[in-house]
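Visitor: Following this message is one structure expressed as structure tokens.
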Amino acid sequence: MAQRSTADASSTLDMETDGRTRAEIERELAAQLAALDEDDARSAETPSPPPGAVGDHSGPIDADLGAAATLFRHTNSLLGQSFEAVKRGDIPQLDPLQEATRELAASLRRQPDALLTLALLKRKNHYAYQHSLGASILLMALGDFQGATPAQISDLGLAGLLHDIGRMAIPDALWDKPDPFTDKERQLARQHVPATLEMLKKIPKLPKVVTEVAAWHHERLDGSGYPAGLWGEAIGPAGRMAAIVDIYDAMTTHRCYRGAVVPPLVLKTMLGQAGVQLDRDVLQAFIRCLGIYPIGSMVRLANNLLAVVIRSNREDLLFPTVRVFMDARTARRVAPYEINLAAMRELPGGFSILKHEVPSRWGVDPVQVMPRPDYFQL
């Protein structure tokens, strides 16, 4: 990926936000994320579906999701083969992975929400593969949002797939440990970065950005990262993007020693690190790319209906498309239906997001609420 200056990144972001300044955008995002913990209960009865609500159906989105699911499973399989090859001491084949990332990038251009849906809805097994594939898709989506070329986007995807391949050099018992790392174990885990860089040296004709992402994704602007403790401008644009994607994907994924953190709270935490550990402009772009309530987030509407976000709305982060499935007051399921909240904003009935919800508190798997849960099986 071509190096971008801070000014270049700012220009791209301003174009995406109708000329608002970075400070205005940050204040807006901070206010929206600060409101996530507010609670309310306004409705006495289960509301009926509003005009324009859509029930179960198959259509273009389902078709896009089906095609994306096939590609997702294929890439996951290739990634598993590559990781296992590394475990055996072999060099992973670059051509199939590059072809897969080109296809992933094309899928993102056709229908971004389809592939992002698969990347954002987490599974509890095969963390190494899942995290690498998730990071790949998120890096490509962020690169596309920031105006990267198709070739740069594909290279970012390849970087995401390979950025943690050095984990294979660390004993599985460490990654599967159900408790937080001790200091000694943490130092051992951090060796996955130099191990990755050594492995990447053996792969011919590797795009430069792949090495940059592997080397820099744990570095932080204030020098608190690793392995080199780099500061500020010493961390290139690809590393700044990768740091944000890596944190987000890791925190929203279930680990053996902790559960997944709900996406809005992860974004809220990351925004608190903006300008300190994380690049402010890149983080703002990332939040606008995913939305305040990313796909797969469970939310409570102002009328106390529970829903899962199924499509994003980059024009207004607070008004995505959701799939309603439960009355929060009674914990009873309702016949699922979809609502474009942006179309409901001027109408009565409380069809706006009140707050995020933690799915486990309701015994809900967001995947099972999606229109086609079978697409999410690897």
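The values are calculated or read from the model by the stated rules, or taken from the named source; none is laboratory data. The structure displayed is predicted, hence computed values, not measured ones. Please note: Cβ atoms are built from the backbone with ideal geometry, for glycine as well, and neighbour counts cover all protein chains shown.
Visitor: Residues in the range 239-253: is at least one over 19 Å from the mean Cα position of the chain (by Cα) and part of a loop (DSSP other than H, G, I, E, B)?
Guide: Of the residues in the range 239-253, the ones over 19 Å from the mean Cα position of the chain (by Cα) are none.
There is no residue in the range 239-253 that is over 19 Å from the mean Cα position of the chain (by Cα) and part of a loop (DSSP other than H, G, I, E, B).
Visitor: From the list A189, A238, A234, exactly one residue is without any contact (Cβ under 8 Å) to a residue 24 or more places away in the chain and closer than 22 Å to R280 by Cβ. Which is it?
Guide: A234
Visitor: Checking the conditions here, which among A335, A342 is modelled with pLDDT of 90 or more, more than 25 Å from D144 (Cβ to Cβ) and among the aliphatic types (A, V, I, L, M)?
Guide: After applying the criteria, what remains is A335.
Visitor: Take A135 and decide whether it is within 13 Å of D249 (Cα to Cα), touching a residue at least 40 places away in the same chain (Cβ under 8 Å) and among the hydrophobic types (A, V, I, L, M, F, W, C).
Guide: Criteria met by A135.
Residue-wise test of (1) touching a His at 6+ places or on another chain (Cβ under 6 Å); (2) of a type in the set (D, E, K, R); (3) at pLDDT 95 or above; (4) crowded, with 21+ Cβ neighbours inside 10 Å.
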site	(1), (2), (3), (4)
L94	no, no, no, no
Q98	no, no, yes, no
R110	no, yes, no, no
A114	no, no, no, yes
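Visitor: Next up: Of all residues in the range 143-194, which are buried (at least 19 other Cβ atoms within 10 Å of the Cβ) and of a type in the set (G, A, S)?
Guide: G143, A148, S154, G157, A159, G160, G166
Visitor: Right, here's the next one. Show the residue pairs that are 6+ apart or on different chains and have beta-carbon atoms under 8 Å apart, the first residue being within the range 250-271 and over 18 Å from G160 (Cβ atoms) and in contact (Cβ under 8 Å) with a residue 40 or more places away in the chain, the second being basic (K, R) and surrounded by fewer than 20 Cβ atoms within 10 Å (Cβ to Cβ).
Guide: Pairs found: H254/K122; H254/R123; H254/K124; C256/K177; Y257/K177; A260/K122.
Visitor: Still on this structure, please answer the following. Among the residues of the range 207-231, which ones are among the hydrophobic types (A, V, I, L, M, F, W, C) and either closer than 15 Å to P194 by Cα or touching a residue at least 12 places away in the same chain (Cβ under 8 Å) (or both)?
Guide: V209, V210, V213, A214, A215, W216, L221, A228, L230, listed by residue number.
Visitor: Checking L271 against (1) out of contact with any helix residue (DSSP H, G or I) (no Cβ under 7 Å at 6 or more places or on another chain); (2) crowded, with 19+ Cβ neighbours inside 10 Å; (3) modelled with pLDDT under 95; (4) more than 28 Å from D176 (Cα to Cα), which single condition isn't satisfied?
Guide: (1)
Visitor: How many of the residues making up the range 150-179 are among the small types (G, A, S) and more than 26 Å from Q98 (Cβ to Cβ)? Break it down stepwise before answering.
Guide: Within the range 150-179, the subset among the small types (G, A, S) is 151, 154, 157, 159-160, 166, 169, 173.
Add one more test, that the residue is more than 26 Å from Q98 (Cβ to Cβ), and what stays is 173.
Residues that pass the stated criteria total 1.
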